[in-house]
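The values are calculated or read from the model by the stated rules, or taken from the named source; none is laboratory data. Just so you know, these numbers come straight off a predicted model, no measurement behind them. All Cβ positions, glycine included, derive from the backbone under ideal geometry; neighbour counts span all protein chains shown.
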Amino acid sequence: MKISYLSTHYPFVSHTFIQREILALQHLGLEVFPIALNKAHQSDLLTEIDRREAARTFYVKGLGRARIVGGLLSTFARHPLATGRGLRRALKDTRFDVSYAVKRVLQFMEAVLVWRHSIKHDTTAIHAHFGQAPATVARFAAAFGNDVGRGVRTWSVTIHGWHEFVTEDSSDLKRKIDTADLVVGISDFTRAQLMRIGDPSRWHHLAVVRCGLALAEFPRRPDQPIGDVPLIVVTARLSPEKGHLVLVEALSILRSRGVAMQARFIGSGPFGDEIAAAAVRFGVDDIVEFTGPLPPGEVAAELGAADIFCLPTFAEGLPVSIMEAMAIGVPVVTTYISGIPELVIDGVTGWVVPAANAELLADKLEQVNGPDRLAIIQAARQRVECRHDIASNAPQLAAHLRACHDRTDRLERR
């Protein structure tokens, strides 16, 4: 089976799970052709695998103006009826909103370029990650392919959560759920939200396939005591919803109790200055360190040296960073939101608190060095092995994609 894989950026340091998924599907015999709407930044090409994947990725906005215009005009001239249908589809329900209408027309044009790429590589299926722009372009590309009778004909999407549900109206998520040949949720929580939004008659097109780790790359570290000044590591984009400010406040609370801890924030993002200013304001800037983005090998080394992994997030799907920390054997302190409680069970596989409560977060950070710490660490590793092994989860996804494609082929032959 040949399939195109569409995302906003690829490779992308915050979306390593997409690369892991693509490589695993290829190992299972699928021919996967990565497509990204935007060109990869050099800062995201941290490994040889990243650079190799970037070299074979089709970048929609990286073609150059002449090739884009030429390709579009050629396609529109050859397929005027399909072009008309595609434009009507793109403009449907724009409700005289000019900026929204322009955006949808541009996404239709991107979809035509994706369709042309599918003709070149003889792919008839496309899978998108995330329910906003990638899903829109994938839907338009498959619809255009069906109108023409060539190229990509089926489309599917993986929905992760929070951001997609916040923008469910503006991104037309219900229509996508109800028209996709397959919709994958990365957690039971995500699937429940898809059921909330979508038509019940389409629920049988919904599936849960959890993000997976290549567990051999995350061996369980030897048990080790927590240091005299425990090191808390956070690997997350520096953005408001990740909750860094709550951890900064919790560190201040711990210091007022006479409890010494230190934190290391790994990652970059638009909220870095605000977090640094908060550390100064709370008087903990001497125990908060910012490393910036690091390549995967260095992130693994940082996790291996951590006493605690903390992600006090307000909004997530189900963070892969939590899976990685649990796999390695780092105690995890996080929040009760979205799909996280499906993996991190308070007092069983980790320590969980309500989001945005610095006092309770400080309490949980203190509790990590308790008598049940090693038992919780072991249970955490076992839960990741059971639910998030890419060697088990990728075949599930491959089976869903093949079944979707085969089902469509049978319908077309009738």
Return yes or no: is His204 free of Cβ contacts under 8 Å to residues at least 12 places away in the same chain and surrounded by fewer than 19 Cβ atoms within 10 Å (Cβ to Cβ)?
-> yes
Residues of the stretch 138-177 being of a type in the set (Phe, Trp, Tyr), touching a helix residue (DSSP H, G or I) at 6+ places or on another chain (Cβ under 6 Å) and not in a helix (DSSP H, G or I), which ones?
-> Trp155
For Thr123, all conditions in the list (1) without any contact (Cβ under 8 Å) to a residue 60 or more places away in the chain; (2) touching a Ser or Thr at 6+ places or on another chain (Cβ under 8 Å); (3) closer than 25 Å to Arg78 by Cβ hold save one; what is the number of the exception?
-> (1)
Tell me, please, whether a residue that is closer than 20 Å to Ala398 by Cα, surrounded by 14 or more Cβ atoms within 10 Å (Cβ to Cβ) and of a type outside the set (Lys, Arg) can be found in the stretch 189-201.
-> yes
Just a yes or no: is a residue in the stretch 336-353 touching a residue at least 60 places away in the same chain (Cβ under 8 Å), within 21 Å of Met261 (Cβ to Cβ) and not polar (S, T, N, Q)?
-> no
Could you figure out which of (1) touching a Lys or Arg at 6+ places or on another chain (Cβ under 6 Å); (2) closer than 22 Å to Ser156 by Cβ; (3) assigned to a helix (DSSP H, G or I) isn't true of Glu21?
-> (1)
Looking only at the stretch 49-71, and only at residues there that are among the small types (Gly, Ala, Ser) and either surrounded by 16 or more Cβ atoms within 10 Å (Cβ to Cβ) or in the same structural domain as Ser268 (by TED's automatic domain parsing) (or both), the one that is farthest from Leu294 (Cα to Cα) | Gly71
Subset tally (residues that are farther than 24 Å from Val352 by Cβ and acidic (Asp, Glu)) for the stretch 294-319 | 1
From the list Thr94, Thr75, Thr83, pick out the single residue that is surrounded by 19 or more Cβ atoms within 10 Å (Cβ to Cβ), under 24 Å from Gly145 (Cα atoms), assigned by TED's automatic domain parsing to the domain that holds Ser171 and touching a Lys or Arg at 6+ places or on another chain (Cβ under 7 Å).
-> Thr75
Could you list all residues from the stretch 169-191 that are among the acidic types (Asp, Glu) and modelled with pLDDT of 95 or more?
-> Asp178, Asp181, Asp188
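Would you mention how many residues in the stretch 178-187 are more than 15 Å from Leu397 (Cα to Cα) and either assigned to a loop (DSSP other than H, G, I, E, B) or under 16 Å from the mean Cα position of the chain (by Cα) (or both)?
Summing the residues that are more than 15 Å from Leu397 (Cα to Cα) and either assigned to a loop (DSSP other than H, G, I, E, B) or under 16 Å from the mean Cα position of the chain (by Cα) (or both) in the stretch 178-187 gives 1.
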Number of the exception - Leu401 against (1) outside the structural domain of His244 (by TED's automatic domain parsing); (2) surrounded by fewer than 16 Cβ atoms within 10 Å (Cβ to Cβ) | (2)
Neighbours by Cβ (under 8 Å, 6+ apart or cross-chain): first from the stretch 15-35, at pLDDT below 95; second surrounded by 20 or more Cβ atoms within 10 Å (Cβ to Cβ) and part of a strand (DSSP E or B) = His15/Ser7; His15/His129
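Determine, yes or no, whether Leu46 is surrounded by 16 or more Cβ atoms within 10 Å (Cβ to Cβ) and at pLDDT below 95.
Spelling it out, Leu46 is indeed surrounded by 16 or more Cβ atoms within 10 Å (Cβ to Cβ) and at pLDDT below 95.
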Among residues belonging to the stretch 216-238 that are among the acidic types (Asp, Glu) and assigned to a loop (DSSP other than H, G, I, E, B), point out the one that is farthest from Ala380 (Cα to Cα).
-> Asp228
